[in-house]
1. List the helices (runs of 4 or more DSSP H) inside the stretch 92-191, counting only whole elements, that have at least 3 residues being among the aromatic types (Phe, Trp, Tyr).
2. Residue check, GLU262 against (1) in contact (Cβ under 8 Å) with a residue 24 or more places away in the chain; (2) acidic (Asp, Glu); (3) in a loop (DSSP other than H, G, I, E, B), all met but one. Which one?
3. Can you pull out the residues in the stretch 2-19 that are surrounded by fewer than 24 Cβ atoms within 10 Å (Cβ to Cβ), in a loop (DSSP other than H, G, I, E, B) and of a type outside the set (Asp, Glu)?
4. Any idea which residue in the stretch 248-289 is modelled with the lowest pLDDT, counting only those that are open to solvent by 80 Å² or more (accessible area, probe 1.4 Å), over 16 Å from TRP23 (Cβ atoms) and not small (Gly, Ala, Ser)?
5. Counting only residues that are free of Cβ contacts under 8 Å to residues at least 40 places away in the same chain and under 19 Å from the mean Cα position of the chain (by Cα), which one in the stretch 87-109 is least open to solvent (accessible area, probe 1.4 Å)?
6. Among the numbered criteria (1) over 16 Å from ALA142 (Cα atoms); (2) within 13 Å of the chain's Cα centre (by Cα); (3) free of Cβ contacts under 8 Å to residues at least 60 places away in the same chain, which one does ARG206 miss?
7. So if I check each of SER69, SER160, which one is polar (S, T, N, Q), touching a strand residue (DSSP E or B) at 6+ places or on another chain (Cβ under 8 Å), open to solvent by 10 Å² or more (accessible area, probe 1.4 Å) and closer than 23 Å to ILE209 by Cβ?
8. Which ones in the stretch 192-221 are outside any helix (DSSP H, G or I) and either of a type in the set (Gly, Ala, Ser) or crowded, with 23+ Cβ neighbours inside 10 Å (or both)?
Amino acid sequence: MRWEALGVLTDEVSDHLDEALDWAAGNGLKHVELRVVDGIHVMDLTDEQLREIRRKVERRGLFVSALASPVFKCALDSDRQVASGDTFGQQEEDVESHFRMLERAMEIAGLLGTSRIRIFSFWRESDPSAYRQSIVSHLQRAAVLAEERQVTLLLENEPSCNGGYAEEVAELVEAVGSSALQALWDPGNEAYGGREAYPAGYDRIRQSIGHVHLKDALIRPDGSPQCVPLGSGSVLLQEQLQALRDDGYDGLYTLETHYIPEGGTKRMGTQMTLDGLRALVAKGEAAEG
C-alpha cells in the first residue's frame, strides 16, 4: 500500500469541508474526492464556489483526485420499473438530462483540477443482460465526450445499478473499448451485494481498474448487508491490497467508509476505517519481513 496514494471522500468525514480537509491533512492523506460539500452536492455549486474549494484543498497540500458525480444514476426508461439507490440529494432525471449533467461534470472537474469523474450504469433492471446493448451504447457516447475533453470516466460497481458487480462492470468497460472509460473497483460494494470481492470479483475486473475505493462490509445473520470498518468485514483486504501491488496497480485509493458507529459520527467511523487499514498494512509488512 502506497500511503502517498491514499485519500478520502470528504463527506465521509464531515459535512463541513474545512473539518474534513483538516482531518485528511492531519492524518497524512494526499487527496480528496468531492461529492457533497457543506450540505450542497458538488454538481450544484457555482464556478466561484468550486474555485474556492480548490484553493482550500491545495492550501492544505492536498489535491482533488476525482469528482464523485451521480452521472447515470437514473433509469434507462422511466416507464419501466427498476431498482434505485442513493442520489445524495440529486433529483431523478432522464438519460438526456444525465448527459447534460456529464457535460457540467467535465466543466466542474476542470475547475477542481482533476480529470477523473465517477459514473454509474443506470438503475438496475430486473434482467440487466436484456438491456446490455443500450447500456453500452450510452457509455460509448459518454466515452467519446470524455475523450474529447481528455477526461477519464470511472465506472463503479454499485449493486443498485446494472454494472452492479465486478463481472458486469468489466464486461461493460471491455465492450466500450475506450481508454476514457475505466473501472472504479470497490471491493466493499461487492461484499455489500453478497458477492466474494477477493479473489473472485477482483480476478474478473483486475484488467480494467483505474481507481479503487476502500470500504468493508458483511452480511448479517438475517441476510441484510452492513458496512463496517476496514478489516472487520468479509473483504480479504490484506490479500486484495497485496494482489493490487503484485499486479502493478499504481493508481489511487480512496476511503469511502459508509460506516457510523452507534452513538458516534462519520468522522469517528472513517477514523476507525483508517486505523483498520493501517493495522492491516502493518500486519502485512510484518509478515514479509
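1. none
2. (1)
3. ARG2, SER14, HIS16
4. Filtering the stretch 248-289 down to residues open to solvent by 80 Å² or more (accessible area, probe 1.4 Å) leaves 250, 258, 260, 262-263, 267-268, 278, 283, 285, 287-289.
Right, trim to over 16 Å from TRP23 (Cβ atoms) and you get 250, 258, 262-263, 283, 285, 287-289.
With the extra rule that they be not small (Gly, Ala, Ser), the set shrinks to 250, 258, 262, 283, 285, 288.
Details: ASP250: 96, HIS258: 95, GLU262: 96, LYS283: 88, GLU285: 85, GLU288: 81.
Once the filter is applied, the top-ranked residue is GLU288.
5. HIS98
6. Unmet for ARG206, out of (1) over 16 Å from ALA142 (Cα atoms); (2) within 13 Å of the chain's Cα centre (by Cα); (3) free of Cβ contacts under 8 Å to residues at least 60 places away in the same chain: (2).
7. Only one candidate qualifies: SER160.
8. Going through the stretch 192-221, the residues outside any helix (DSSP H, G or I) turn out to be 193-196, 209-221.
GLY193, GLY194, GLY210, HIS211, HIS213, LEU214, LYS215, ASP216, ALA217 - these are the residues of the stretch 192-221 that are outside any helix (DSSP H, G or I) and either of a type in the set (Gly, Ala, Ser) or crowded, with 23+ Cβ neighbours inside 10 Å (or both).
The values are calculated or read from the model by the stated rules, or taken from the named source; none is laboratory data. These figures come from a predicted structure and were not determined experimentally. Cβ coordinates were reconstructed from backbone atoms using ideal geometry, including for glycine residues, and neighbour counts include every protein chain displayed. Just so you know, the surface numbers come from the protein's heavy atoms only, side chains and all, with ligands and any DNA or RNA stripped out. Shrake-Rupley method; radii C 1.70, N 1.55, O 1.52, S 1.80 Å.
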